Amino acid sequence: MNVAWQGEVADTGGMERQNNKIHRDLARNLRKNMTTPEQQLWEALRKRQLDGYRFRRQTPLGRYIADFVCLEARLVIELDGNHHHDQQDYDRERDNWMQQQNFCVLRFWNHEIQHHQQTVIQKIRQALHQQSSLLLPPSPPAGEGLGMGGKFGVR
């Protein structure tokens, strides 16, 4: 499933590709200019260090750019700085959209990353496992599944 931004209007006359490029360029710029708390959290999340889950940073999702996302667990992590008080309505709209796309959104203040990083990591770990358990396909009924010879059926 590709959740990268693809535009919102079907007949855009090429504007969809232009907006996609704008979002990709903006995300690339944000990755190059991460804040200190973003850099600190990225060091803990990158290279599957957190229970083997793969995170991406500054990733376009719809018309938004998530600070960090684990697509496998459908988990978005957002860091909020001092500017956050000025954009609460925007953040609420953005969180609602992401939740409608079945993403769980965790928000942390920058100072939490700087002063309580282990607590933050533990909350992320809990959310990863909770989300993953929600996304697992249901088990087949007892006695069904792969039988002898790798064929489906009742044993």
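Taking the highest mean first, how do the peptides 59-68, 41-50 order by number of other beta carbon atoms within 10 angstrom per residue? Numbers along the way, then the final one.
Details: 59-68: 20.2, 41-50: 14.8.
Per-residue mean Cβ counts within 10 Å order the peptides as 59-68, 41-50.
Using a cut-off of 14 Å between beta-carbons, work out the net charge of the residues near V120 (Lys and Arg +1, Asp and Glu -1, V120 not included). Display every interim value, and only then the final one.
Details: positive: R107, K123, R125; negative: E38, E43, D67, E78, D80, E112.
Spelling it out: positives minus negatives among the neighbours equals -3.
Give me the net charge of R54's neighbourhood, meaning all other residues with Cβ under 14 Å from the Cβ of R54; Lys, Arg count +1, Asp, Glu -1. Show your work: numbers first, answer last.
Values: positive: R46, K47, R48, R56, R57, R74; negative: D51, E72.
Residues near R54 contribute +4 overall.
Quick check: pseudo-label points 7 Å beyond the Cα along Cα→Cβ at Q101 and Q39, how many nm apart are they?
In this crude label model, Q101 to Q39 measures out at 2.8 nm.
Pull out the extension gain between R48 and Q122, defined as 0.36 nm times the separation in residues minus the alpha carbon to alpha carbon distance; nm, one decimal.
This chain segment gains 25.1 nm when fully extended.
Starting from the Cα of N20, move 7 Å in the Cα-to-Cβ direction to define the label point; list residues of the stretch 27-67 whose amide nitrogen is under 14 Å from there.
Taking a point 7 Å out along Cα→Cβ of N20, the residues of the stretch 27-67 whose backbone N falls under 14 Å are 60-63.
Give, as a single signed number, the net charge of other residues whose beta carbon lies under 15 Å from the beta carbon of D91, with Lys and Arg counted +1 and Asp and Glu -1. Display every interim value, and only then the final one.
On the way: positive: R63, R92, R94, R107; negative: D67, E78, D80, D86, D89, E93, D95.
Once all neighbours under 15 Å are counted, the net charge is -3.
Where a number appears in this text, it was derived from the coordinates with a stated rule and is not lab data. Since this is a predicted model, take the numbers as computed values, not measurements. Note that each Cβ is placed from the backbone with ideal geometry, even for glycine, and that neighbours are counted across all protein chains shown.
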